Structure formats: C-alpha cells, structure tokens
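What follows is a set of notes on a single structure, which appears directly below.
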Amino acid sequence: DRTNPILDITFDGIHILDGDIVSAEPEILVQLKDENRFLALNDSNMLDLYLISPDASVETHILYDGALLKFIPASLPANKARVEYRPKFTSDGTYQLRVRGKDASGNRSGDFDYVITFQVITRSTITYFLNWPNPFSTKTHFVFTLTGSVIPDGIRIQILTISGKVIREIFEEELGPLHIGRRLADSSCGQN
C-alpha cells in the first residue's frame, strides 16, 4: 500500500476558506478515507489535531476524550474514519487548526499537514449587510456575516422604495440554509 489516504475537514458541514469566520461552538468533522479495503483506519493515532488559540503562542495537541474529541473507526470495505471535534471557543480572535492523518501502512495524507486559520467572534451579531446591484429592478444579491454560536430566529429583510414604502419582505426560508460566517444569498425582488 503506497497510496496516500484522503483527508477532508468541514466546519458545521462547510468547507471553509483560510481566515473565514466560524461559530464559537462549531462541529468540526475530520474524515480520513483510504482506498485499502483490507487495512482498516481503526486507530485514533492515525489522526492528530493541534490547535493554537488567540491567547496562546504554542499549539496544543487535542487529546481524545470521547466528548470534545471523538474518534469513530472505519468499517471495511468503505474504510473511512471520522473525528468529531466539538469545541466551545470562549475567546475572540484567530485560531489555527492543524491536522495530521495517516493510514494503517503509515502513508501520510499529504506531504504537509492540513493547516487552516479561522476567526471566532463569540458575540451574536449580523454585520456587513449589503446588497448589489443597488439600485436594482428584479433581482439582487445579499451578503452578510453572522457571528456567535446560534443562528438568529426570524430573519426578515425589507426592501423599500426611496420614499420608504415596503415593496417586498424576504424571510429566512428564502435565503436558504444559514450558517455562522459570511453568507451570500440571491433574491428576486420585483414588485408583486
């Protein structure tokens, strides 16, 4: 077996970009998949996670405890192991996560460890709410940022004329699935 396993990491089900804002209480899912159908990914030593928090200058090796960090071994022939990491970040700032994976034969998931930085803002807010084009006639795009750890209830966007008359209300269901971080949504906004 000389083929590297494949590492995949999501934050609340989303592949984030370096520097993105994430929830203060994310579910970080690390998956390691190996093509070998005979040597199972069944040892927690195959996946190591390290974290640097904003108030620390050295990284901390995150240890498996079954609650905060849980290893779920692969079953053959699918051979995909998972790690569920459910931290509660209490400090605002930039964090760095480093993940190292290897298969049962010792093949690493890549030449370099997976490293990503992300921002946490613990206070729940909706900020940077903009739309374009502006003005518009039938369709516009909204971009906004949600922070904290809980999606707000009852989001409603009102589109007004210059004189202040409400011509359209857009509710959370029309925006699609919301998540903590930056969000882009489209909407048809012509007058009814």
Using alpha-carbon positions, the gyration tensor of segment 67-111 gives root eigenvalues a ≥ b ≥ c; with a/c under 1.5 called rounded, otherwise prolate if a/b exceeds b/c, else oblate, the class is oblate
Phe144: net charge of surrounding residues, Cβ under 10 Å, Lys/Arg +1, Asp/Glu -1, itself excluded? +2
How many nm is it between the label spots at Leu76 and Glu173, if each spot is 7 Å from the Cα in line with the beta carbon? 4.9 nm
20 Å Cα-Cα reach of Lys139 towards aspartates and glutamates, excluding residues that sit fewer than 8 places from it in its own chain: Glu169, Glu172, Glu173, Glu174, Asp186
I need to check one value: relative contact order of the chain, counting alpha carbon pairs closer than 8 Å and at least 6 residues apart, in percent. 22 percent
How much length is gained if the chain between Ser163 and Thr122 is pulled fully straight, taking 0.36 nm per residue apart and subtracting their Cα-Cα distance, in nm to one decimal? 11.1 nm
Count charges around Tyr128 for me, please; just the other residues with Cβ under 15 Å from its Cβ, Lys/Arg as +1, Asp/Glu as -1. +2
With all protein chains present, the chain has a carbon and sulfur share of its accessible area (1.4 Å probe) in percent of 51 percent
Sites Asn42 and Asp18, calculated FRET efficiency, Cβ-Cβ separation with R0 30 Å, nearest 0.05: 0.45
Accessible heavy-atom area order of Ser105, Ser163, Ser53, highest first, probe of 1.4 Å: Ser163, Ser105, Ser53
Antiparallel DSSP bridges in segment 1-158: what percent, to the nearest 5? 95 percent
In whole Hz, with x marking every Gly and Pro, tabulate ³J(HN,Hα) for segment 87-92 from phi via Karplus 6.51 cos²θ - 1.76 cosθ + 1.60, θ = phi - 60°. x, 10, 7, 10, 10, 6
Peptides ranked, highest mean first, by Cβ atoms within 10 Å: ranges 68-78, 165-175: 68-78, 165-175
Straight distance only, please: which aspartates and glutamates reach the Cα of Lys70 with their own Cα at less than 13 Å, same-chain residues fewer than 8 apart left out? Glu27, Asp43, Asp48, Glu84
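The values are calculated or read from the model by the stated rules, or taken from the named source; none is laboratory data. Please read these numbers as outputs of a predicted model, since none were measured by experiment. Every residue, glycine among them, receives a Cβ derived from its backbone with ideal geometry; neighbour counts consider all protein chains shown. Heavy atoms of the whole protein, side chains included, go into the accessibility calculation; ligands, DNA and RNA do not. Shrake-Rupley method; radii C 1.70, N 1.55, O 1.52, S 1.80 Å.
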